[in-house]
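Laboratory data are not the source of any read-out in this text; all were calculated from the coordinates shown. Note that the structure is predicted; figures quoted are calculated from it, not measured. Cβ placement follows ideal geometry from the backbone for every residue including glycine, while neighbour counts extend to all protein chains displayed.
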Amino acid sequence: MRHTATRGLVVGLGLVVVAVVFCGGFVAALDNGIGLTPAMGYNTWNDFRCNITAQDIMDAADAIVRQGLDKLGYHYVNMDDCWAQGRYPNGTIYPDPVAFPNGIAAVADYVHSLGLKFGIYTDRGLLTCAGRPGSFGFEAIDAQTYAAWGVDYLKEDSCWAPSFSHDFAFSEYSKMRDALNATGRQIYFSLCGWNTWYSPVGYTLGNSWRIAGDCNEWPSVLNAIDKNAPLSVNAKPGGWNDPDMLIGSDPVTAAYLTQDQSRTMFSLWSVMAAPLLIGSNIRNLSAFDLETYSNTEVIVIDQDPLGVQGVRINGSSLSDGNSTYNIWGRPLSDANGGGWAILFLNNGNDAASLTCDQECISFMDFDASSTIYIRDVWAHTNNGTVTPSEGITVNVPPQGASVTLRLTTSQL
Ligand code: GLA
């Protein structure tokens with residue numbers, strides 16, 4: 001009897017070991033203890049595209065501090081594509097020696113000296129999207145190199161991948177995840193695979209995962225919103241859906257939107273618990289963009305510790321013109337004043353009066369008898385109270401403008 005029981009235990013343990021070994025690839029989590037709220041910072045791509053130098057990165061870091069953005073939580077200074085030039089015979093990657101004359105560690109040291117964190121970019125394929133060396137087959141050595149340089153954030157793109165099958169992509173990203181874990185350094189891992197199918201497994205691989213193509217102009221922003229709408233369930237502290245980096249409103253940068261659209265993007269990204277990586281002219285933000293990214297009433301929505309991604313309550317697809325409006329809501333933690341953040345987006349050609357009616361309000365779990373306090377987080381005004389049966393109506397300017405409110409059961 002005892003013998004049989006022992007044998008059963010041994011067989012059982014063996015099965016557990018086999019299961020762990022077989023599933024280890026995707027089941028093990030990144031488990032780096034960071035990304036408990038979405039990353040905040042800056043990324044060079046929408047600002048500079050491929051023309052980046054060490055001086056640009058250091059100037060960006062200086063500007064973040066000078067404009068007070070570090071105090072608001074913008075800590076990552078992320079260098080995107082185009083820094084890498086080649087590999088030494090031993091496989092170690094090296095940067096463009098003209099643009100980075102003192103190497104990457106010197107840039108990281110400078111960023112750190114300002115109390116900021118330093119991010120870098122690579123690609124899971126043979127080459128990056130701009131044709132620089134990728135990390136395919138070099139994951140372990142690259143992770144060690146980044147850690148030695150003092151990197152705090154890694155974005156890994158997907159161009160020139162030998163295969164775009166889902167399993168292959170997951171196994172490639174798990175190689176980099178494990179290589180980063182093995183360095184012992186806390187490095188935020190940002191997957192860039194441009195597809196919604198990363199979302200259900202994203203949490204096991206990284207701290208965030210791109211769910212759509214690049215946001216370069218308004219239609220691609222709408223596409224990212226539509227792609228992200230059904231994915232809320234996959235986001236939580238430690239791992240976030242990433243609808244791409246922010247776009248500002250200054251025409252001096254590579255990508256830009258209208259002022260209203262750039263503010264809607266920032267507000268909705270916060271309701272969607274998305275990373276907030278500024279892509280505007282960081283070295284000298286326009287007064288409008290600086291005001292946008294400095295709005296602490298919006299930042300607290302994005303950084304809410306409950307970590308629940310908002311959902312589309314009313315309206316449907318914007319990118320195919322099915323809807324000209326959307327109403328989105330996100331529940332917030334009691335520690336943060338509770339209630340919901342709600343965003344009304346008007347993508348029509350005319351100003352519109354949009355209503356979150358009784359059904360919309362009941363979706364947000366407000367008691368039928370509650371008194372709901374309304375605060376406009378852009379006007380910075382308290383706008384009185386309503387009962388659920390009265391609903392909430394706002395007037396929204398056209399072409400991508402929005403109104404964002406906090407709804408609470410006591411005055412904020
Ligand atoms: C891809 C990514 C972008 C950017 C560029 C760089 O397009 O999706 O975010 O990193 O590559 O080449």
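Comparing Cα centroids, segment 172-192 and segment 71-91 end up 15 angstrom apart.
A cut-off of 5 Å between modelled amide H atoms, ignoring neighbours fewer than 5 places along the same chain, links residue 158 with 124.
Along segment 350-364 the Karplus relation, 6.51 cos²θ - 1.76 cosθ + 1.60 evaluated at θ = phi - 60°, assigns HN-Hα couplings of 10, 4, 9, 9, 10, 10, 8, 7, 4, 5, 4, 5, 5, 4, 8 Hz to successive residues, with x for each Gly and Pro. Would you give the gap between the C-alpha center of segment 206-278 and the C-alpha center of segment 104-141, rounded to a whole Å? Measuring centre to centre over Cα atoms gives 22 Å.
Between residue 36 and residue 233, the modelled labels are 2.7 nm apart [label points 7 Å from Cα along Cα→Cβ].
Remark: for residue pairs 155/227; 117/175; 155/175; 117/227; 117/155, the C-alpha separation exceeds 22 Å in 117/175; 117/227. Percent of Cα pairs in the chain per distance bin of 20 Å, from zero to the largest separation: 27, 53, 18, 2, 0.
Looking at the chain alone, DSSP beta bridges between its own residues are antiparallel in about 60 percent of cases. Taking a ≥ b ≥ c as the square roots of the eigenvalues of the Cα gyration tensor, segment 24-176 is oblate, since a/c reaches 1.5 or more and a/b is not larger than b/c.
Between the amide H of residue 313 and those of 327, 328, 329, distances stay under 5 Å, these residues lying 5 or more places away or on another chain, with hydrogens modeled in the peptide plane. Pull up the cross-link candidates among the aspartates and glutamates for residue 236, meaning alpha carbon to alpha carbon under 14 Å and not fewer than 8 places away within one chain. Answer for residue 236, where 14 Å is the Cα cut-off: 31, 302, 304, listed by chain and number. Axis angle, to the nearest 10 degrees, between helix 103-113 and the longest C-alpha principal axis of the chain: 40 degrees.
Summing +1 for each Lys or Arg and -1 for each Asp or Glu among the other residues whose beta-carbon sits under 13 angstrom from that of residue 102 gives -2. Rounded if a/c is under 1.5, else prolate if a/b is larger than b/c, else oblate: which is segment 33-80, with a ≥ b ≥ c the root eigenvalues of its Cα gyration tensor? Here segment 33-80 falls in the oblate category. Between the helical axis of 2-27 and the longest alpha-carbon principal axis of the chain there is an angle of about 70 degrees. Rounded to the nearest 10 degrees, the inclination of helix 218-228 to the longest alpha-carbon principal axis of the chain is 80 degrees. Less than 5 angstrom separates the built amide H of residue 240 from those of 208, 209, all sequence-distant by 5 or more or on a different chain.
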